[in-house]
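I have placed the structure first, in the form of structure tokens, so that the comments after it can refer back to it.
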Amino acid sequence: AKSNAPSYTNVFAEVLLKEAARDPKICAVTAAMPDGTGLARFMERYTSRCFDVGIAEQHAVTFSAVLAAGGLRPFCAIYSTFLQRGYDQVVHDVAIQRLPVRFAIDRAGLVGADGATHAGSFDIGFMANLPGMVVMAAADEAELARMVVTAARHDEGPIAFRFPRGEGVGVDIPADAEPLEIGKGRIVREGKGVAILSFGTRLQEVEIACEALGAKGITPTVADARFAKPLDREMILRLADEHDALITIEEGAVGGFGSHVAQLLADEGVVDRGLK
């Protein structure tokens, strides 16, 4: 059955329009994908503030950096797999310069019929490794709305939020979404024995798995990381300290969110104390 929930792309577009109405410095850049990234409506309403640079992701990123350097608040909306083409510019023209470009990374994770070449598998790793970069992933539509607002109001450096292809899960989206505290996750349910730390929209599958585990007497703690960078160090160390095992869930490749969590635990000596 067809879902009645809005697509994540439409949620991004709708919230961005609201933020642009509030802040005239907000602008948007796309690389020949105004429809696919949801910016077509933004382009219609704010023609002078939306730029389609054609199939030139490298230019889209550098142009966004220039806009940020000039005091504007650009959203650079590019599919995860296409952003790989502009990675050199992300490194040199945005991250090293500490410029507040907002990267809206669409098609992050599995993409179904779009095919393997469009699967956004690597953006968590290649973005979270950059200096000063904030990397977020939404668990549902409401969380995505808050992340768009967070990005719009973050001027301390580059920030990225990733969201998948397809519809959301049907949660209510706040009319006036509040920004998130940078680097702070949330506990979704309290349990014992096992902790599951989810990053992104796999949280719904985690919840389904927990229902099945509950029937077997297993009651995991479930947390939504929200941020791959900066990690919520306090929450993760608490999960590790209070549970026998910690499982990370993400829709990405090796070197992504789970690897950063593992590095944090190794740096803190947690693994040496017997955590699985």
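Among the conditions (1) touching an Asp or Glu at 6+ places or on another chain (Cβ under 7 Å); (2) open to solvent by less than 40 Å² (accessible area, probe 1.4 Å), ARG202 misses just one, which is (2). Considered as a group, the residues in region 1-13 that are under 17 Å from VAL148 (Cβ atoms) and without any contact (Cβ under 8 Å) to a residue 60 or more places away in the chain include one that is surrounded by the most Cβ atoms within 10 Å (Cβ to Cβ), and that residue is ALA13. Between LEU264, LEU231, the distinction of being open to solvent by less than 30 Å² (accessible area, probe 1.4 Å) and among the aliphatic types (A, V, I, L, M) belongs to LEU264 only.
For region 161-185, how many residues meet the condition of being in a strand (DSSP E or B) and either more than 28 Å from GLN97 (Cβ to Cβ) or touching a Cys at 6+ places or on another chain (Cβ under 9 Å) (or both)? Residues that pass the stated criteria total 1. Restricting region 40-64 to residues that are charged (D, E, K, R) and in contact (Cβ under 8 Å) with a residue 24 or more places away in the chain leaves a set whose member that is surrounded by the most Cβ atoms within 10 Å (Cβ to Cβ) is GLU57.
Of the set (1) in contact with a strand residue (DSSP E or B) (Cβ under 8 Å, 6 or more places away or on another chain); (2) loosely packed, with under 15 Cβ neighbours inside 10 Å; (3) of a type outside the set (Gly, Ala, Ser), all apply to ASP241 but (1).
Per the listing LEU67, LEU72, the residue uniquely open to solvent by 10 Å² or more (accessible area, probe 1.4 Å), in contact (Cβ under 8 Å) with a residue 24 or more places away in the chain, in contact with a Pro (Cβ under 7 Å, 6 or more places away or on another chain) and farther than 25 Å from ALA223 by Cα is LEU67.
In the set ALA77, ALA108, which member is modelled with pLDDT under 95 and crowded, with 24+ Cβ neighbours inside 10 Å?
Answer to the check: ALA108.
For ASP123, the criteria (1) surrounded by fewer than 24 Cβ atoms within 10 Å (Cβ to Cβ); (2) in contact with a helix residue (DSSP H, G or I) (Cβ under 7 Å, 6 or more places away or on another chain) hold in every case but one, which is (1).
Taking first residues from region 244-261 that are of a type in the set (Phe, Trp, Tyr) and partners that are surrounded by 19 or more Cβ atoms within 10 Å (Cβ to Cβ) and part of a loop (DSSP other than H, G, I, E, B), the Cβ contacts under 9 Å between residues at least 6 apart in sequence or on separate chains come to PHE257/PHE199; PHE257/GLY200; PHE257/ALA225; PHE257/LEU231; PHE257/GLU250.
The values are calculated or read from the model by the stated rules, or taken from the named source; none is laboratory data. Here the structure is a predicted model, which means the values were calculated and not measured. Because the Cβ atoms are built from the backbone with ideal geometry, glycine has one as well, and the counts that use them run over all protein chains shown. Keep in mind that these areas ignore ligands, DNA and RNA; they rest on the heavy atoms of the full protein, side chains included. Shrake-Rupley method; radii C 1.70, N 1.55, O 1.52, S 1.80 Å.
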